[in-house]
Amino acid sequence: MLFTPMFSASRTLVRTSALTAATAFLWAAAPATAHTVGHLEDLVEQVAPSVVTVLSSENAPEHVTGSNGAPFREGAPFEDLFRRFGRPETTPQPYAESRPRRGLGSGFILEEDGWIVTNHHVVEGADTVTVRLKDKREFDAEVVGVDPQTDLALLRINATDPLPHVVLGTSGALRVGESVFAVGNPFGLGGTVTSGIVSATGRDIAAGPYAEFIQTDAAINRGNSGGPLFNMDGEVIGVNSAIYSPNGGSVGLGFAVASDIVERVVADLKADGVVSRGWLGVSIQDVNSDIAAALDLDTPTGALVASVAADGPSDGLLEAGDVILGFNGAPVGSSNDLPKLVGAVSAGAIVPLDILRAGSAKTVDITIGTLASQQHAALDVKDTPEASASDALGATVSDLTPDVRKELGLSDDVSGVVVTSLETRGPASKAGLQVGDVIVRLGGEAIASPGTLDQAVTAQAKTPAMMLINRQGNQLFVAIKIT
């Protein structure tokens, strides 16, 4: 999983919530507004009251094993957090006693009537969630909705008077080198302010296909999770979520979910507690340099369509082998770009796609579908090349018999030849083919038998050549250099 134990000695990405029984110290300051002022201290004074402590609590475990044992029963929601973040500051005494456990994070008030944003992992698995304000008032919080795909959660509290709040800025306008500051509760020390710059934008930290992160060198530690990252206009431009660290502490590599993502997710969660995402109905992969050469692309760019879901939004409109270069006017530089673009579009919208098909550029209008929970807006098929079945390919193949099809778990509609062996240094092996891959197509030729593969290899005039394979039910393209 992405967030591994913070006490690990290896370099790793870790979540930044804290697990502690300690009481966080909070601050007092003037109500928050969002406008440019001359000094950081003035900004902090304005926005700090809108930053809150979020306490997530698990009901008392069935038993406590003692100071040398795990303080949570096996399978408890907070058992995973315990492994990630080490023992709380208050360690259980070596006698049996049932007591609740608390997770500590940060959050911020987005609207004066009590809407609060935090991280999903701060409240994940909790039985109760409490929000503590700067004046030390505490409120039971309702978890309105969560989105694990972007590690965001929306809470709601009922206060009798309007609450200080902040506004979301536009993360898309951020520039590398721009000054930013974070406010939160690292290690339970509430009201802590750290400052730095935007180190990078658009970071992909393998947290899912729909999340996009701002990298900052502002110090972020355990307990900062869910807290805001501000620009110098006092606007929230990110939600602090993860750090890259060899020891669990800040080393100047912090990551915040970009506010443009936050805005869309919060609007959906506020509407009905569920995030709705668009669905294109394709499997895609990156275009590497060999595939770019095979497709006559000047540079490796775009998302290569490996397969099209039957009866999906793209069925009959897109084809395996198409390269998606633009989506709704936005460029698609790689396969990582497409899921975020598709996921941000509402179902039913008609969106133009700029594609390259067989060397010709064209535009296709597609009606976006609804992403079901088990689907992905664009499934990222890993960039793994393919194989062949002749001396020129350095591989042997056989017919796809019913027994072989059953052994490989392939449906009846998969056709081609199966790779049975590979030469260690042959073209197919170098291209990344594996025994058990099914070669579906070479160049423009469908492969029905070992004989048709030999013919396709002989007829192939260019190298590298595009090959379509089926691996464990998933289709993907590879570029193979035919000798």
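Derivation of every value follows stated rules applied to the coordinates shown; laboratory data play no part. Since we're looking at a predicted model, the values are computed, not measured.
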Worksheet entry | Gyration tensor (alpha-carbon) shape descriptor, segment 235-371, a/c threshold 1.5 | oblate
Discussion item. If you average the alpha carbon positions of segment 158-211 and of segment 422-483, how far apart do those two centres end up, in angstrom?
Written reply: 48
Worksheet entry | Distance from segment 283-322 to segment 323-372 (C-alpha centre basis), Å | 11
Item to complete: Provide the per-residue ³J(HN,Hα) series for segment 350-367, in order, calculated from phi with Karplus coefficients 6.51, -1.76, 1.60 and θ = phi - 60°, each as a whole number of Hz, with x at glycine and proline positions.
Response: 9, 10, x, 10, 8, 10, 10, 10, 6, x, 10, 7, 7, 10, 10, 8, 10, 7
Worksheet item: Check V282: other-chain or 5+ apart residues with amide H under 5 Å from its amide H, H built from backbone geometry?
Response: A309, L379
